[in-house]
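J.: Shown below is the structure under consideration.
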Amino acid sequence: MRNLTDGRAELEVEGATIRQLVANIDAQYPGFAARLLDQDRLRLNVSVAIDGEVAPLGLLETVPPAAEVHFIAAIRGG
Amino acid sequence: MSTQYSVIGTRPIRHDGADKVTGRALYGADVQMAGLLHGFILRSPHAHARILSIDTSKAAAFPGVKAVITTHDFPAVDGNKMVDLGEGDTPLSYARGNVLAGDKVLYRGHAVAAVAAVNAHVAEEAAGLIEVVYEVLPCVLHAVDAMRSGAPLLHEDLRTTELGEATTTISNIAQHIRQSKGDIEAGFALADVIVEREFHTSTVHQGYIEPHNATALWNNDGRISIWCSTQGSFVVRDCTAAILDIPVSQIKVTPMEIGGGFGGKIPVYLEPVAALLSKKTGRPVKIVMPRQAVFEATGPTPGSYMKVKVGAKKDGSIVAAQAYLAFEAGAYPGAMVVPASMTVFAAYDIANALVDGYDVVVNKPSTAAYRAPGAPNAAFAMESVVDELALKLGIDPLDLRLRNAAKEGTRRVDGPRFPRIGCVEVLEAMKNSPHYQSPLGGPNRGRGVAIGFWFNIGLPSSCTLNVCADGNVNLIEGSTDIGGSRASIAMQAAEVLGLAAEEIHPTVVDTDSIGYTGVTGGSRTTFATGWAAYEAAQDVVRQMKERAAKLWDVKPEAVEASGGVYKSNGNSIGFKELAGRIAETGGPVVGRAAVNPRGAGGSFAGSIVDVEIDPETGKTTILRFTCVQDVGRAIHPAYVEGQMQGGSVQGIGWALNEEYFMSPDGRMMNSSFLDYRMPTALDVPMIETIIVEVPNPGHPFGVRGVGEANIVPPQAAIANAMSHATGTRFTRLPMSPPAVMEAIWCQGSSSQPS
Amino acid sequence: MRSKTHIQTTINGEERDFLCEPRQSLLEVLRDTLNLTGTKEGCNDGNCGSCTVTLDGRLVTSCLVLAVEAEGREIGTIEGVAQGNHLHPIQKAFLENAALQCGVCTPGFIVATKVLLEKEPDPSEERIRFFLANNLCRCTGYDKIVQAVQAAALNLRGTKETQA
């Protein structure tokens, strides 16, 4: 995704939910939301980690202040 | 919460035990019903071919045959629609194409057509009468070959996704992913010692003893019932519904007892076929896969080509690490290269790291999850390199790992920081183990160690508890029980309710009878369905307080519950007695929970192994094996040990013998248990276990999933032990006797002594 | 339809008869005709041991025995191991030692263990491993199975001494 954000791997963004956060990044870097979303949902192969923990509600998760958010690949298992 | 538990940590007899030692337990293939027909699937004899025509007329006319179907019997659907396979997604066209081939077959064993007949023999005979005209195409079997330009293309429309972006390049590379951290070049510039090696691993199979099976009845009212062996009944329901283009509510899946899965019984192979055959015949249809088809046509784990480079300073601090991982997805995209990338350096705190991963399609069966999918391949490479680094630096291999071990707060190469993990505790337990402390003497012997990591996943789970008037509780859940999870889930409810494990009666039910529950996989069942049981038990406690309050005419908040005793103002009543009074205090008490929990911790496991190599034959004997694993909290320690031992022995088989031995034209030459040589009782010693408990702060009882991490380190630990025994580095799995002899003969020429 | 053969045999001590085609295996008839589904099919080529039964007291993989060969013979299956309502000590030992996970290989292991312990009441670990090498288990790594067999052997020897 870094090619969408001028090569930056880390961004400081406002947003009380993941949905707001994605919208705010997308306003700065158009195309970001399209990469992550399938219509209004996170793509099935993408997970959101908030402070290191995979957050099951995806876009609907609330983000605590100063939280670290990562968009990572969804993990499988045997 | 107090860590003094009365049920958790004990070893009760499993609830399904009597059924399973008497032969009464009903597995998928045991389903019998009136009017049952038997199905047989015709499979491709070619690894890569275009289907020019299929003539089913002779088969259909064969006496005893009731129906024949091909892909043309499937409804037309939008092939680009994504279907959720339980833990990941895939385009519907791939899921459907793997169930019955479309215009091409992509691997030998690819299903082409299916017959339903009065018995399995007739169905098999009739399948032989189906006339398929193929245009045979050149095949490609290994990732490195498939990545070359000019390689035969499996999918003429597969566009490579390059670092997340769709490209117009048509190739066998489904995607290239990259993860990075720090500055890799600056990191290597700091290194005093650098080790770089290439590794190859073969395709291996989960090897569950029970073949895939499915029975389906398409009823006259349009509803479909399916009985099958699966790790996820809801996944079967959803995938079958998508392929047949019918609403999920029209399908009821009953998960029968399952004879092993290890990840391989998540995908759907037979269910939509059995359902279509039932629709055509108006009768129930059962299909049981022959063992050869299980090898040739279900999902093994990817073979791989890997290159790993690690740099360290003289003091042992690792400063940079780089990995190139090319994984064979088989016929359809989805090699486990993403989790491999996320786990390859997970045990280490490395400032500068770069991982490139390639998901490559080849003419072998479409791969599926196998216990920590992707991680054992990656750990084989990384842990071998770390071992070599330790030798070069003159540092004990466990000390080198401890010096660089990942801890809470360590940033993984894929970005997130680790929560509380037990990597250091596992390494310390390995170092202090009786095994590692013992001397190892004798010629041709070596000791090796390795560590591995696997994630746990959360996913939804549901649980219902019904309180009986005698004070026992019936527990209803949807997680198929592969290794004793009825017990580990019931024990968590028992702990909350203050009951004995035997006073909870767990039942795994069909998809109509319980809320959505994810697959038994991803080391999630004891974690997530256990959590649902915990929450449902809390719901029961809340209601039982209300009942006690009613009896005593106090407010529910005034009632306290502890260890199954309810108290208020000097009144006291036990759970059992209170249960006897639920009818008069308001009727049935039903506890319910549906969860989608966060907080799935990860698990680290370590292997210590002593080997002896016969220099005359190349045979490797495992003299001693110890598995150490952080399990968070062992709910039922005997079944936790069982997971550790089972994963370790699968790792031993993977390391020493197991492989898909392919002919150049893509035929698996060893598709039986005789030739695909899994460990027997005679091939392995007792597997010593050391349970480390670093409670997972994300679970009420501290549970970490234990099913998978234990298969990650054995291959590397054995390779390291064999390297020490022979002075030759082993970089190719399996390290079978011929490979060992070749390595010994080549010693000093191509291989670098360690 | 092909013509069928009438077979008279003894299964778990009871006289049984059935009709079968010449090509049908004993395993198939046990499971599909007689509904004795405790005997499992893992490979149908004699390599996994899940379908292990006794034929005149000898261990066989029932997938490699033709059903017609059962004529006049005595067959023992997992369904005949428990004594009425009481589990056999081997079955108890498998449960107490958590010697099963998925359980699909378990009937074969129990039938094989019974034959082993009837012949050799005190087998060594090596002997147990050798004897049970015809039975594949993919879940347990065999550790707890070997321990269960050792526990059952000890228990059975104790019972014998008490009786004597």
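The values are calculated or read from the model by the stated rules, or taken from the named source; none is laboratory data. The structure displayed is predicted, hence computed values, not measured ones. Here the Cβ is made from the backbone with ideal geometry for all residues, glycine too, and neighbour counts use every protein chain on show.
J.: Given the residues B:D157, B:D192, which is the only one that is of a type in the set (D, E, K, R), more than 30 Å from B:Q715 (Cβ to Cβ) and surrounded by fewer than 19 Cβ atoms within 10 Å (Cβ to Cβ)?
T.: Exactly one of B:D157, B:D192 is of a type in the set (D, E, K, R), more than 30 Å from B:Q715 (Cβ to Cβ) and surrounded by fewer than 19 Cβ atoms within 10 Å (Cβ to Cβ), namely B:D157.
J.: Could you list, in sequence order, the residues of region C:106-131 that are in contact (Cβ under 8 Å) with a residue 40 or more places away in the chain and facing chain B (nearest Cβ under 7 Å)?
T.: Listed by number, the list holds a single entry, C:P107.
J.: Does B:A340 fit the bill of being of a type in the set (G, A, S), within 26 Å of the chain's Cα centre (by Cα) and either more than 25 Å from B:E162 (Cβ to Cβ) or surrounded by fewer than 24 Cβ atoms within 10 Å (Cβ to Cβ) (or both)?
T.: In short, no.
J.: Please work out if C:G103 is crowded, with 21+ Cβ neighbours inside 10 Å and more than 7 Å from chain B (Cβ to nearest Cβ).
T.: Answer is no for this residue.
J.: Looking only at region B:385-413, which residues are under 15 Å from B:D315 (Cβ atoms), touching a residue at least 40 places away in the same chain (Cβ under 8 Å) and out of contact with any helix residue (DSSP H, G or I) (no Cβ under 9 Å at 6 or more places or on another chain)?
T.: B:K392, B:R403
J.: Among the listed residues B:R108, B:R148, B:R96, B:R159, identify the single one that is touching a His at 6+ places or on another chain (Cβ under 7 Å) and of a type in the set (K, R).
T.: Exactly one residue qualifies, and that residue is B:R108.
J.: Restricting attention to region B:341-367, which residues are under 17 Å from B:F418 (Cα atoms) and either part of a loop (DSSP other than H, G, I, E, B) or in contact with a Gly (Cβ under 9 Å, 6 or more places away or on another chain) (or both)?
T.: Answer for region B:341-367, where residues must be under 17 Å from B:F418 (Cα atoms) and either part of a loop (DSSP other than H, G, I, E, B) or in contact with a Gly (Cβ under 9 Å, 6 or more places away or on another chain) (or both): B:S341, B:M342, B:T343, B:V344, B:F345, B:A346, B:A347, B:D349, B:I350, B:A351, B:N352, B:A353.
Condition check ((1) farther than 30 Å from B:A368 by Cβ; (2) under 11 Å from the mean Cα position of the chain (by Cα); (3) of a type in the set (K, R)) across all residues:
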{"residue": "A:G7", "(1), (2), (3)": "yes, no, no"}
{"residue": "A:T17", "(1), (2), (3)": "yes, yes, no"}
{"residue": "A:V22", "(1), (2), (3)": "yes, yes, no"}
{"residue": "A:D38", "(1), (2), (3)": "no, no, no"}
{"residue": "A:V46", "(1), (2), (3)": "no, yes, no"}
{"residue": "A:L57", "(1), (2), (3)": "no, no, no"}
{"residue": "A:A74", "(1), (2), (3)": "no, no, no"}
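J.: Out of C:G38, C:G46, report the one residue that is assigned to a loop (DSSP other than H, G, I, E, B) and under 14 Å from C:N134 (Cα atoms).
T.: None of the others qualify; the one that does is C:G46.
J.: Can A:G52 be described as closer than 30 Å to B:G232 by Cα and within 11 Å of chain B (Cβ to nearest Cβ)?
T.: Taking the combined requirement at face value, the residue satisfies it.
J.: Given (1) under 30 Å from B:F418 (Cα atoms); (2) within 14 Å of chain C (Cβ to nearest Cβ); (3) among the hydrophobic types (A, V, I, L, M, F, W, C), identify the lone condition not met by B:M686.
T.: (1)
J.: Which numbered condition in (1) at pLDDT 95 or above; (2) in a loop (DSSP other than H, G, I, E, B); (3) farther than 30 Å from B:A725 by Cβ is the only one that B:L578 fails?
T.: The one condition B:L578 does not meet is (2).
J.: Residues B:D512, B:D481: which one is more than 14 Å from chain A (Cβ to nearest Cβ), outside any helix (DSSP H, G or I) and within 22 Å of the chain's Cα centre (by Cα)?
T.: B:D481
J.: Against the condition in a loop (DSSP other than H, G, I, E, B) and in contact (Cβ under 8 Å) with a residue 40 or more places away in the chain, how does B:V7 come out, does it pass?
T.: Answer is yes for this residue.
J.: Something else now. I'm told C:T77 meets every condition in (1) more than 12 Å from the chain's Cα centre (by Cα); (2) within 12 Å of another protein chain (Cβ to nearest Cβ) except one. Can you identify the failing condition by its number?
T.: Checking C:T77 against (1) more than 12 Å from the chain's Cα centre (by Cα); (2) within 12 Å of another protein chain (Cβ to nearest Cβ), the one that fails is (1).
Per-residue answers, yes or no, for (1) of a type outside the set (F, W, Y); (2) in contact with a Leu (Cβ under 7 Å, 6 or more places away or on another chain); (3) buried (at least 24 other Cβ atoms within 10 Å of the Cβ):
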position	(1), (2), (3)
B:T367	yes, no, yes
B:M382	yes, no, yes
B:E408	yes, no, no
B:R420	yes, no, no
B:K431	yes, yes, no
B:N456	yes, no, yes
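J.: Consider B:G599 carefully, then state whether it is touching a residue at least 24 places away in the same chain (Cβ under 8 Å), on the phi > 0 side of the Ramachandran plot, of a type outside the set (D, E) and surrounded by fewer than 21 Cβ atoms within 10 Å (Cβ to Cβ).
T.: yes
J.: Same structure, new question: Output yes when any residue across region B:398-413 is within 14 Å of another protein chain (Cβ to nearest Cβ), part of a strand (DSSP E or B) and out of contact with any Ser or Thr (no Cβ under 8 Å at 6 or more places or on another chain), and no when none is.
T.: For region B:398-413, residues within 14 Å of another protein chain (Cβ to nearest Cβ), part of a strand (DSSP E or B) and out of contact with any Ser or Thr (no Cβ under 8 Å at 6 or more places or on another chain): present.
J.: A further question follows. Could you pull out the residue among B:G448, B:G394 that is over 28 Å from B:W531 (Cα atoms), crowded, with 18+ Cβ neighbours inside 10 Å and not hydroxyl-bearing (S, T, Y)?
T.: Residue meeting the stated conditions: B:G448.
J.: How about region A:23-37: which of its residues are more than 14 Å from chain B (Cβ to nearest Cβ) and closer than 11 Å to A:L11 by Cβ?
T.: Across region A:23-37, the qualifying residues are A:N24, A:I25, A:Q28.
J.: Enumerate the pairs (first residue in region B:510-526 and within 14 Å of B:R371 (Cβ to Cβ) and in the same structural domain as B:N710 (by TED's automatic domain parsing); second residue anywhere and crowded, with 24+ Cβ neighbours inside 10 Å and of a type outside the set (F, W, Y)) with beta-carbon separation below 7 Å, excluding pairs fewer than 6 apart on the same chain, so at least 6 apart or on different chains.
T.: none
J.: Could I ask something else about it? Name the single residue, out of those in region C:8-33 being surrounded by 20 or more Cβ atoms within 10 Å (Cβ to Cβ) and of a type in the set (A, V, I, L, M), that is farthest from C:L116 (Cα to Cα).
T.: Only one residue fits best here, namely C:V29.
J.: Can you tell me which residue among C:T37, C:T9, C:T54, C:T33 is more than 12 Å from chain B (Cβ to nearest Cβ), under 24 Å from B:K20 (Cα atoms) and out of contact with any Cys (no Cβ under 6 Å at 6 or more places or on another chain)?
T.: Only one candidate qualifies: C:T54.
J.: Given the conditions (1) at pLDDT 95 or above; (2) in a loop (DSSP other than H, G, I, E, B), which single one is not true for B:G698?
T.: (1)
J.: So how many residues does region B:694-747 have that are of a type in the set (D, E, K, R), over 30 Å from B:Y534 (Cβ atoms) and under 28 Å from the mean Cα position of the chain (by Cα)?
T.: 1
J.: Specify which of the listed residues (C:R16, C:R73) is among the basic types (K, R) and without any contact (Cβ under 8 Å) to a residue 60 or more places away in the chain.
T.: C:R16
J.: More than 14 Å from chain A (Cβ to nearest Cβ) and within 31 Å of the chain's Cα centre (by Cα) - does that describe any residue in region B:173-181?
T.: Taking every residue of region B:173-181 in turn, at least one turns out to be more than 14 Å from chain A (Cβ to nearest Cβ) and within 31 Å of the chain's Cα centre (by Cα).
J.: Going through region A:55-77 one residue at a time, which ones are farther than 16 Å from A:I25 by Cβ and either part of a loop (DSSP other than H, G, I, E, B) or at the interface with chain B (Cβ under 7 Å from one of its Cβ atoms) (or both)?
T.: The answer is A:A55, A:P56, A:L57, A:P64, A:P65, A:A66, A:A73, A:A74, A:I75, A:R76, A:G77.
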